[in-house]
1. Just to check, using Stokes-Einstein with a Kirkwood Rh over alpha carbon pairs, what's the diffusion coefficient of the range 246-310 at 20 °C and 1.002 mPa s in µm²/s?
2. Can you tell me the alpha carbon radius of gyration of the range 663-742 divided by the globular rule-of-thumb value 2.2 N^0.38 Å?
3. Would you calculate the separation in nanometres between label points at Ile130 and Ala289, each defined as 7 Å from the Cα along the Cα-to-beta-carbon direction?
4. Under a Cβ-Cβ cut-off of 12 Å, what is the net charge of the residues other than Gly659 that fall near it, where Lys and Arg count +1 and Asp and Glu count -1?
5. Cα atoms only: what Rg and Dmax, in Å, come out for the range 622-718?
6. Where the centroid of each part is defined by its Cα atoms, how far is the range 279-347 from the range 207-245 in Å?
7. Kindly provide the helix-only [θ] at 222 nm of the chain, computed as the sum of -39,500 (n - 2.57) over DSSP H runs of four or more divided by all residues, to the nearest 500 deg cm²/dmol?
8. Just check the range 332-479 against the gyration tensor rule for me: Cα atoms, a ≥ b ≥ c as the square roots of the eigenvalues, rounded for a/c under 1.5, and otherwise prolate or oblate depending on whether a/b exceeds b/c.
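Any read-out appearing in this document is the output of simple, stated calculations on the displayed coordinates, not a laboratory observation. Note that the coordinates shown come from a computational prediction; the quantities given were computed from them, not determined experimentally. Counting neighbours? That spans all protein chains shown, and the Cβs are built from the backbone with ideal geometry, glycine included.
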Amino acid sequence: MKQVLWILLAFVLLCACEEKHFMTDPGYRKMVEQDFQKKKKVLEGNPGNLFAVFDSPMSVEEREALMFLYAYSPLIDLSFSGGDFLLENVRWAFQAREAMPWGKDIPEDIFRHFVLPVRGGKENLDTARIVFYKELKERVATCESMEKAALEVNHWCHEHVIYKPTNARTRSPLATMLTAYGRCGEESIFTLAALRAVGIPARQIYTPRWAHCDDNHAWIEVWVDGEWKYLGACEPEPRLNIAWFTLPVQRAMYVESEVFGKYNGQEEIVYVNESGSGVNVTSHYTRTAPTLVQVIDENGQPVVNAKVEYKIFNYGEFYPVVTLYSDVKGETSLTLGQGDIFVWASKGKKLGFGELSVERQDTLTVVLDKTVGDLFSGEWDLVPPRQHDITALSTDEERAVNDRRFAREDSLRNVYVATFMSRTQGGDVAMELGVDTARFAAYMVASRGNYSELLRFMREVSPERRTLAMNLLGVIAEKDLQDTPADVLLSHVEGDGRDVSNPYFTEYILNPRVQNELLTAYREPVREFLKRHDITDVTSLIQETGKIKVVDSLYPAKVVTPPVGVIRAGVTDALSRNVFFVAACRTMGIPARLSPISGKPEYYQNGTWHTVNFMTEKVVPKGELMLHYAQKTVSDPKYFLNFTIGKLEDGRVRTIDLGSNAAVDMGVGASYKTIFTKPVTLEEGDYLLSTGNRRSDGAVLADLVSFQVEAGKLTNIDMLIRPCVEKMEILGVVPTALSIVPEGKTKPEAIRLPEKGYMAIALIEANKEPTNHLLRDMSGMKDDFENLGVPLYFVFKDADHQAKFNRADFRVFPSVMQWGTDLDGRLLKGLAEGLCLTNTESLPLIVLLNAKGEVVFVSQGYRVGLGTQIMNIISRK
């Protein structure tokens, strides 16, 4: 009998040896195994038994694929989503590869990095791969090519999701689908998940910051027939390599894809770290040039391992789009767009900086001739790459077919949106529940497709806790209303003994939101943690939280791990540990937050906010800063547009949030007059004041000034913003007999040109990202334009676009904006002929002209900050 068992065992082992490897390259497989063991060692002894899934039966191929995911996934995916979730995704990825016609033609490394991974960016994970595969498999299986299939997937995505700005948390693909809109990062993650679900290799592409305007953008590249091609996520075009950003992306300085795992592709690999690789794809989109930066010390000797940050001035700060480290020659190399970029180098307390003009020079030497604590300043004129005209990317026939599909897809999505709860329905439910009618109706409307979960929450909560429940809905973000399950909400209104009379109760105890983490039902697991460790006060909580192992050097925070994940792993990153501490304080009934100034955890006790530093008990002294702005260059400078303040820490600049717009991912913050009504309290230390003013051609006049804040003292700094001197030249002349169909009317009427000065005409589309940015600018400058009193004509390209435009999606617009429709394209034709415009499909088209029809400013397509540029020109006397 034993002999038979041994024979059977030998047979099983032989079969296992003959099973197909997921990673056929022995060298690469060995590297992944080593990285997997390193991750396993870091998480050794974790309370959640995070590696238990490997005890499950699976094939060699599945085991290696799962090992690959474990080796390079951020800690949240192991501690919160878990091994069973990842294994299920492995199996569905393999199923798609077998079922789809193109599956067998995808190279191993392309499948490994661009189909298998569950995560595309910083989104919350869900079961989208399974849901999307079932939705799409029959729809795409009959497509005659991979490219046709990718286009079809994007049409399906547009049926479900359109663009709308949201806050910085990237929700899961299914949550985006539930809501029916998302910002560009969410649209691209949604589309990425759909493409990968049916076995089409895809990667998220983004420019961390534009060089010519204040914003960023994300989109998708798909691998078809051995080549990477791009598409606008949820914005289908007739063919690949066509998108509304085809022209503006020519002005990008740097475009990147962050690839899951250690990637050995043929492209320019900018970095490889413990979780992924950075691929420079700038040359896919614009004219580029290779550059070299050498870092030397004051004696002219190369500095090895200096941190070199390539920065673009954007949203009022010098933002690092790439960080490299110098080699033994003190050098770093990088391919960039042909514009200007600011380079900041540091090592220890030494630093230096300079401007690299890529079109004119290929080498920059940066001397580390400054020391942290020195006072210094500088100014630079940073010019973005130029845009070049291109021939039409699609025919009129292709465009007409695509437009018809677009309209049908809009109607399908609108049918779904019509099922959301209306304000009237919400009001009826509020009366039934006995809660504030207007507030409740507003929450239900904002919840979009998640309204049934909010409804269940309010009906299941006990009547005596409904006031508490309403306060909870009022304090969380709009996006939280749209993707938080009822059970999670219920968990946060349960529990007795909390002091609801505390003035900070709603914001800093009841509120489950700490940073940009996924909202979870963390209070009961945290209570168990507190009980297990005998934690009864904030002092013992600080001590126990400080024992949590932090592994930032290996696995820095990519996505914040919720408190439950921190408990399961016993290991985390510094940011997630801080979030855990705040969540634990709130569970104990102690007001807590992450400081809006320093980002450090704070708790409120005895009338004071106390800063927590787990590394030391030393309290960081504080001083005060007062900025003085007496110029009229900009009437009231905006934070995160015209200026920012950053603290200098270990050679790195950390921008301080003195008033951001929390409703959107990126946007202009509070004004100077709002922030500096009185001195601002800051930790003592070294700081930088960055200021900038953007010209209409996209160039920025940027300045940098260092200063110090001393403990217990007031620092006074004069803020200077250089004026933009615009060249006022006649760019063309358009017919003075221009007409539109005014809103609410059926017949065209003439546009009245100004008797003196200038006016603006903008041709726009509805529900398109470039237009939405322009409209956000206009609503944000409502008072400025009304005080100026200059007419602004905003004209939809056709009646269909006007019909689907929803003004309620925006803040109130200036009353001087007059709305209308371009009848049969006559206005566009007149403007195009007078200005000799090409690519008339690139909207919005903004024209500033005088009484003679002389045009002094033209802008086509994507550009953020247009409101300010329009104001600067038409306000001239």
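1. Numbers: Rh = 14.1 Å.
My calculation gives 152 µm²/s for D.
2. 1.77
3. 5.4 nm
4. Cβ neighbours under 12 Å give a net charge of +1.
5. Rg then Dmax for the range 622-718, in Å: 13.6, 44.
6. 24 Å
7. On the way: 26 runs with 284 residues, N = 877.
Computed mean residue ellipticity for the chain: -10000 deg cm²/dmol.
8. Oblate is the answer for the range 332-479, as a/c is 1.5 or above yet b/c matches or exceeds a/b.
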